[in-house]
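Participant: Quick one: this structure, given as structure tokens, is what I'll be asking you about.
The values are calculated or read from the model by the stated rules, or taken from the named source; none is laboratory data. Bear in mind the structure is a predicted one, so any value in this text is a computation, not a measurement. Here Cβ is always computed from backbone atoms with ideal geometry, including for glycine, and neighbour counts include all displayed protein chains. Side chains included, ligands, DNA and RNA excluded: accessible areas come from the protein's heavy atoms. Shrake-Rupley method; radii C 1.70, N 1.55, O 1.52, S 1.80 Å.
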Amino acid sequence: MVCRDVTVHWHDGPHIRLRKSKTDQEGRGAVKALPYNDSHETCPPCADVRWVQVVAAFDAGGRSSVIRLLRKPEPFNEHVCSGGVPRTASRAPLFRAIAKNGNLGNTALSGAAIHQTIRRRAEHAGYDPTALAKLGGHSLRAGFVTQGTRNGADGSAIARQPGRASLDSVEVYRREHAPLVGNAFSDIGL
């Protein structure tokens, strides 16, 4: 995904154009939205703005510009998503590789790097080594489906966000990770 694949819409939040995905091998493309929410700490558009600020600083002046940006004493106590998004090189990767020393790179973030990051963060959170071995990029999709199910979202709405063509894969997650959601056993009062 390159920077120009994200456009900000005032009512919906950022729209992300996916050119091709695991569930769209023909490359028809799709648009996904990141909606605003009440908390500035978990607002996807705020996270998008903050990340684009980092990428724009790197593109403009490299590592030293990113350090200057991150050293600004701006408090993180309100939304930043209404102030617009800085301009970046439109063909540059939005999600960049990050070196072990923390330096941002010019190349796109790889699937392997996402996989490693998920495992590293889970390890820091205290996950059992056996559970760690099962985690990866797929865990994000499974977690989305599971939480959507637990929150009572409609199956077709859940399938639409990760780009599933059928409800069959959603049902697999419902059965495996939230077996009591939508199960009549939970409603008979035992």
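Participant: Kindly check whether there is at least one residue in the range 62-76 that is under 22 Å from His9 (Cβ atoms), part of a helix (DSSP H, G or I) and over 14 Å from the mean Cα position of the chain (by Cα).
Facilitator: No, that holds for no residue.
Participant: Continuing with the same structure: Looking at Val49, Val31, Val6 in this structure, which one is open to solvent by less than 60 Å² (accessible area, probe 1.4 Å) and out of contact with any Asp or Glu (no Cβ under 9 Å at 6 or more places or on another chain)?
Facilitator: Being open to solvent by less than 60 Å² (accessible area, probe 1.4 Å) and out of contact with any Asp or Glu (no Cβ under 9 Å at 6 or more places or on another chain) holds for just one of Val49, Val31, Val6, which is Val49.
Participant: Which is farther than 30 Å from His138 by Cα, of a type in the set (Val, Ile, Thr) and open to solvent by 30 Å² or more (accessible area, probe 1.4 Å), of Ile67, Ile98?
Facilitator: Ile67
Participant: From the set of residues in the range 9-28 that are among the basic types (Lys, Arg) and modelled with pLDDT under 85, which is most open to solvent (accessible area, probe 1.4 Å)?
Facilitator: Looking at residues that are among the basic types (Lys, Arg) and modelled with pLDDT under 85, I get Arg28.
Participant: In the range 34-46, what residues are without any contact (Cβ under 8 Å) to a residue 24 or more places away in the chain and surrounded by 14 or more Cβ atoms within 10 Å (Cβ to Cβ)?
Facilitator: If the condition is that a residue be without any contact (Cβ under 8 Å) to a residue 24 or more places away in the chain and surrounded by 14 or more Cβ atoms within 10 Å (Cβ to Cβ), then Leu34, Asn37 are the ones that fit.
Participant: Continuing with this model, one more query. Could you figure out which of (1) open to solvent by 50 Å² or more (accessible area, probe 1.4 Å); (2) out of contact with any helix residue (DSSP H, G or I) (no Cβ under 6 Å at 6 or more places or on another chain); (3) in a loop (DSSP other than H, G, I, E, B) isn't true of Ser90?
Facilitator: With respect to (1) open to solvent by 50 Å² or more (accessible area, probe 1.4 Å); (2) out of contact with any helix residue (DSSP H, G or I) (no Cβ under 6 Å at 6 or more places or on another chain); (3) in a loop (DSSP other than H, G, I, E, B), Ser90 is out only on (2).
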